[in-house]
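Worksheet: one structure, shown below.
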Amino acid sequence: MGDGSRQFRTFTIITVGEGPNYDGNGQITTSKLATYDELVSFLKDQDTRQPAMDLEVIGQTVKGRDIHLVKYISDPAKPTILYLTQQHGNEQLTTEGAMAFVKHLGTGKSGDILDGVNILIVPMLNADGAMGDVNFPLDDYLAKGDRHMTRYNAEEVDLNRDHVAKIQPETQALHTNVMRKYSIDYMIDLHHQGTRSERDGKLVSGSILYPTTPNADPAVVEMSKQLGAVVFNNVDSTGWGHLGKYVGGSAETISRNGITVEYGIATLLFEMRGMSDHYLDGYALGLRSNGYLIQQTVTTLTATAAAIADGSIADADTSFWDSLDTQTSRPGEEADDE
Ligand SMILES: [Zn+2]
């Protein structure tokens, strides 16, 4: 963010409660979202209830919070998918959806998909940002509730630009104890974008993108497109789902690109609508949208795991990508969110 947006931040404070995103979307609040401690309690409780699940600490954040890996590995020879949430701390509904998915795996609500696929989940990678426990001020952030939430980690670093240098402890934990330790075939990196992106004149519930670095193996990119096809077919067909193609860069500092090149993993970026907190009112989304966005995550995780488990992902038709329009943004949303 440059000086221009700093000035705009002052302006937005005046408009709190008056912007278009506040109308009909409910209050911008963090009070309904799981805290880091609530997430950890939930995971430990599920670990005691679910024989198929393992819970491991893969490292610590800048502020010393344990970073957790949820593992369902029945047979290492089976294909493996990794779901990553909240590299950006203010993008929490993806984590809420991942928690619901874990619960469903325990109750059998997701069927017998664990028979055919290994599932790894790293929820809330950026716990310090999610808790607003950072070494820089968040006074101008919009959300009401227990805490502010920010994109950056405690050192004001964007973790999704650290996948080449891997300087931050959160990024190191992910690469050292997950990416290098397991044979991972697929990964979905779950994010939230602003509130004003649209396709065909209608606001999107999210947007997706495969690796776009020229250094990616074309065969792996094709697998990434198949992963995207499964997501598109299952989400866009719902009453609430409307997906566009995301506009993303080719830098390998971004996980979607860097992880594909470094490990040969098929990756998909999923950017859901609206952040849990922000200092710009075009980005934060009120709690009235929480339900369908959490469901969008559950649908995405369940459908992709099932398609890998039964092998149907190999038949996924990727030609839809050629006709899927790139999302455009209404005024008020201009930064790169990924
Ligand atoms: Zn993000």
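The values are calculated or read from the model by the stated rules, or taken from the named source; none is laboratory data. Not measured: the values here are computed from a predicted model. As a convention, Cβ positions derive from the backbone with ideal geometry for all residues, glycine included, and neighbour counts pool all protein chains shown.
Being in contact with a strand residue (DSSP E or B) (Cβ under 7 Å, 6 or more places away or on another chain) and of a type outside the set (A, V, I, L, M, F, W, C) is the filter here, so list the residues in region 44-70 that pass it.
Here is the first cut: in region 44-70, the ones in contact with a strand residue (DSSP E or B) (Cβ under 7 Å, 6 or more places away or on another chain) are 44, 47, 52-61, 66-70.
Matches in region 44-70: Lys44, Asp47, Asp54, Glu56, Gly59, Gln60, Thr61, Asp66, His68.
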Scan region 159-180 and tell me whether some residue there is under 21 Å from the mean Cα position of the chain (by Cα), acidic (Asp, Glu) and not in a helix (DSSP H, G or I).
yes
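Taking region 198-208 as the search range and keeping residues that are surrounded by fewer than 24 Cβ atoms within 10 Å (Cβ to Cβ) and in contact (Cβ under 8 Å) with a residue 12 or more places away in the chain, which one is nearest to the ligand (Cβ to nearest atom)?
Quick first cut of region 198-208, residues surrounded by fewer than 24 Cβ atoms within 10 Å (Cβ to Cβ) only: 198-203, 205.
Narrowing further to those that are in contact (Cβ under 8 Å) with a residue 12 or more places away in the chain: 198-200, 202-203, 205.
On the way: Glu198: 19, Arg199: 19, Asp200: 24, Lys202: 22, Leu203: 18, Ser205: 16 Å.
Ranking the qualifying residues of region 198-208, first place goes to Ser205.
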Taking only region 146-162 into account, find how many residues are within 15 Å of the ligand (Cβ to nearest atom) and under 10 Å from Asn126 (Cβ atoms).
9
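Would you check if Asp139 is out of contact with any helix residue (DSSP H, G or I) (no Cβ under 7 Å at 6 or more places or on another chain), at pLDDT below 95, part of a loop (DSSP other than H, G, I, E, B) and more than 30 Å from Ser237 (Cα to Cα)?
Working: out of contact with any helix residue (DSSP H, G or I) (no Cβ under 7 Å at 6 or more places or on another chain): yes; at pLDDT below 95: yes; part of a loop (DSSP other than H, G, I, E, B): yes; more than 30 Å from Ser237 (Cα to Cα): yes.
Against the criterion (out of contact with any helix residue (DSSP H, G or I) (no Cβ under 7 Å at 6 or more places or on another chain), at pLDDT below 95, part of a loop (DSSP other than H, G, I, E, B) and more than 30 Å from Ser237 (Cα to Cα)), Asp139 qualifies.
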Run down Thr267, Thr299, Thr253 and say which single residue is within 16 Å of the ligand (Cβ to nearest atom) and surrounded by fewer than 22 Cβ atoms within 10 Å (Cβ to Cβ).
Thr253
Any residue that is assigned to a loop (DSSP other than H, G, I, E, B), at pLDDT below 95, of a type outside the set (Lys, Arg) and surrounded by fewer than 24 Cβ atoms within 10 Å (Cβ to Cβ) - is there at least one of those in region 283-293?
yes
Among the residues of region 212-232, are any away from the ligand (no atom under 16 Å from the Cβ), within 18 Å of the chain's Cα centre (by Cα), crowded, with 24+ Cβ neighbours inside 10 Å and not in a helix (DSSP H, G or I)?
no
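What residue, among those in region 44-97 that are β-branched (Val, Ile, Thr) and without any contact (Cβ under 8 Å) to a residue 24 or more places away in the chain, is farthest from the ligand (Cβ to nearest atom)?
This residue is Thr48.
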